[in-house]
Amino acid sequence: MFFFQDIQRSGSGYITDCKMHDLIHDLAQSIVGHEFKRLEHDNMTEDLSEVRHSTVVCNFNLYTVPEALYAAKKLRSLLLLLPKGDLGEVPSEIFSSFRHLRVLDLSGSGIKKLHDSISSTIFLRYLDISNTHIENLPEGICNLRNLQVLNLSDCYNLTALPCDIVKLYKLRHLMINGCERLVTMPPWIGKLEYLRTLHTFIVGNGEGQHLNQLQNLNLGGELNIRQLQNVQDATEAMEANLIGKRNLQSLSLCWESDVNSLNDGISNDDWLEVLNHLQPHQFLEKLSIRGYQGIYLPRWMTVQKPNIIELRLISCHRCKYLPLLGQLPLLKVLYLQGMEAVKNIGAEFYGESMGRPFPSLEVLTLTDFPSLEFWWGFNRREEFPSLVKLTIKKCSKLQNMPWMPLLQHLELHSCNEMVLRSASNLTSLSTLVVGDFVEPLIFLEKLLQNNPLLMSLKISSCPKLHSIPPSLEKLTSLKSLAICWCEELHSLPRGLQNLTSLESLEIIECPSLVSLSEDIQGLRSLRSLSIEMCSNLKSLPTELQFLTALEHLTIMYCPNLASLPDSFQHLSSLKSVSILNCLELNCLPDGLQYVSSMQNLEIHSCPGLLALPEWIAELPSLRSLALSDCHNLSSLPSCLQSVGSLQHLSILECPALEERCRKDIGEDWPKISHVAHVYIGSRESQGSSSH
């Protein structure tokens, strides 16, 4: 038995969420005794004067803290679970009443402002206001001289930090990751000599805002340096002493100005010299470089960083050659984007070593290389021995790709069809995504033939695709098939019945599709079927009745679909049906009344639907019914009051129906008063079972 279970970690490996075992929780409760209290109601009568640690679920209507808690004058830790929304300001009484607080957690709430009286909590060591709507911090927060942790992560509206934050001389952790509206740092942050965590540093032009403020900070974890265009010379970069920060695991270097303005008056040697002096230590695991405009990348990035696991190069527009990365022994993830000057990928990418290049690389993304024409291999038998996933996007001139013997996941978007021809030699794919091809995909047939173990296939935004290759029927292991935004696709392939393992089928925005193949009857494993925005689809085949494993059916924006087949009674596993924007649909299929497994029914924007059938009471498992924008629905069936399983009922933009279902006074209210959660219009009415 472990103290903590179901541990979840961030991409950096930090624990973000976990659960405490029940026995450990009970043990902790018995040890703290009366010193800890969880408050969820405002009607507490017991004495809380000895409470030192409290979790409070604040009143969701009044946004207030229970009055009884203010008796806890010895309170040291306070976790406020406030509702999200526009809460404005935290009550100032919290700060004036609990002057001895050590820990205050307001994370995830809707607060926008902290009262300046927070300065009275002079013993506070930990303050968490992450993931809130806070826009600025009061200067009084700089009087908290004992503060060691200030968590402002994901405060998207925060525009500035207090100018005197350097007065918090004991501060060890300042988390400002996700604060995208921050544009400057307070001056002289380098004086916070105990600071160990600083997720983001923004280089400025003002006094005390230069990059050399990092010089004496022994930072660890993740560091993102933004606005590097403000670095005045290589000396300033060298003084930042990034190579001496041995506890850093992840480093991001970002230039953010317009490309043309960055290039004015700056030579390639200047760019390279600055980046040379931003060299991190050799044990760094993650590195990202964005907006660098030199022609060459420094040698340290490829040779002296053997522990790099993840590398990202983004918008390095002037780089003509990819760096030598093939000899990085631990590199697992490589993301390359926006390198417009690169025309060829060759030996300089792999290196001349006798060992296999990219021995550990598992995920490779190549996107927005408009000039790239050829991607040469190193050795047909040795390159990319561990590569599992490859994504190529916006490489319109690329003619080829090297052979990757173990590749399982391939995505090709906005590419030349010759890449598809090169990819057709692959034989180990389990996932294939093909999108945004303007050619008719003539090489897709061979690619499907050579990958009989394919389990997932998605074809999207291919306007010249007239039909799916016949080899699709050979993919007997296929579990997921999605065909989207193919304007000229007029039919699904014959032999569809051979896809006996298929569990999910999506057909989205194929306006030339008039009907589905009768072969759909062979999809005995199909659990989810979604048909969306097929404007000329007029009917569904009666063979749908053979989909006995089907659980979820969605039909959206099919304006010419006038009816559904009546053979729904055979869909014994069906749990949910969603019908949206089917303008011609005038009734639900009668066979649906025999589907005892039905739990959720949603109908939206079906003006031809005049009434719900009385047999809806025959659905013994129906839990949720949602009706919206059905203007011609004027009443609910009388039998609805006998549907005891119904727990959620939503009626929106159905004027006549909304009027008849008004709580207590509407003519149809008695039919639905037993439902626990009733939503009429924008309001929620509570049914009798919730009292």
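Each value in this text was obtained by applying a stated rule to the coordinates, not by laboratory testing. Every value quoted in this text rests on a predicted model; they were computed, and no experiment measured them. For neighbour counting, all protein chains shown are included, and Cβ atoms are generated from backbone atoms with ideal geometry for every residue, glycine included.
Here are a few things to note about the model shown:
- Taking region 607-691 and dividing mean pair separation by its residue count, relative contact order in percent (alpha carbons under 8 Å, at least six apart): 25
- In the chain, the alpha-carbon atoms span a convex hull of 195 Å³ per residue.
- Between Asp26 and Ser49, the C-beta separation translates, for a Förster distance of 25 Å, into a calculated FRET efficiency of about 0.50.
- Between Glu439 and Tyr679, the FRET efficiency from the beta-carbon distance, with R0 = 45 Å, is close to 0.40.
- Mean separation of Cα contacts under 8 Å (6+ apart) over length of region 183-319, as relative contact order %: 20
- Column: log10 I(q)/I(0), Debye, Cα scatterers of region 607-691, q = 0.11 Å⁻¹: -0.24
- Of all DSSP beta bridges in region 607-691, antiparallel share, percent nearest 5: 30
- Relative to the current alpha-carbon distance between Gln282 and Ser428, full extension at 0.36 nm per residue lengthens the span by 49.0 nm.
- If the chain linking Val183 and Ser501 were pulled fully straight, counting 0.36 nm for each residue of separation and taking away their Cα-Cα distance, it would gain 109.2 nm.
- Here region 322-407 has an Rg and Dmax of 12.0, 33 Å, counting Cα atoms alone.
- Mean ellipticity per residue at 222 nm, deg cm²/dmol - from DSSP H runs of n ≥ 4 across the chain, formula -39500 (n - 2.57): -2000 deg cm²/dmol
- Take every DSSP beta bridge whose two residues both sit in the chain; close to 5 percent of them are antiparallel.
- Entry for region 183-319 at q = 0.11, 0.12, 0.14 Å⁻¹: log10 I(q)/I(0) = -0.36, -0.43, -0.59, Debye formula applied to identical alpha-carbon scatterers, no solvent contribution.
- Under 5 Å between amide hydrogens, built in the peptide plane, is the criterion, and for Leu652 it picks out Leu627, Ser628, Asp629, Gly681 among residues at least 5 positions away or on other chains.
- Rule-of-thumb Rg ratio for region 141-196 [Cα; 2.2 N^0.38 Å; N residues]: 1.06
- Three-way shape label, region 355-507, alpha-carbon gyration tensor, a/c 1.5: oblate
- Distance between the C-alpha centres of region 234-255 and region 366-435: 34 Å, rounded to the whole angstrom.
- Asp590 versus Arg9: modelled label distance in nm, points set 7 Å from Cα along the beta carbon direction: 6.0
- Region 602-623 and region 538-600 have Cα centres lying 12 Å from one another.
- Summary value for the chain: 3 percent relative contact order, contacts being C-alpha pairs under 8 angstrom separated by 6+ residues.
- Rounded to the nearest 20 debye, dipole of the chain from Cβ charges on Lys, Arg, Asp, Glu: 2000
- Taking label positions 7 Å along the Cα-Cβ direction at both Gln399 and Asn218, the computed distance is 5.7 nm, reported to one decimal.
- Extension gain, Trp615 to Glu487: 0.36 nm times the residue separation minus the Cα-Cα distance gives 42.2 nm.
- Take the Cα of Ser267, step 7 Å toward its Cβ, do the same at Ser477, and the gap between the two points is 5.7 nm.
- Separation of alpha-carbon centers, region 477-532 and region 126-163, rounded to whole Å: 52
- Phi-derived couplings, Karplus 6.51 cos²θ - 1.76 cosθ + 1.60 at θ = phi - 60°, listed residue by residue for region 452-458: x, 9, 4, 10, 9, 9, 10 Hz, with x used for Gly and Pro.
- Applied to region 286-299, the Karplus parametrisation 6.51 cos²θ - 1.76 cosθ + 1.60 on θ = phi - 60° returns per-residue 3J(HN,Hα) values of 10, 9, 10, 10, 10, x, 5, 10, x, 7, 10, 9, x, 5 Hz, with x for Gly and Pro.
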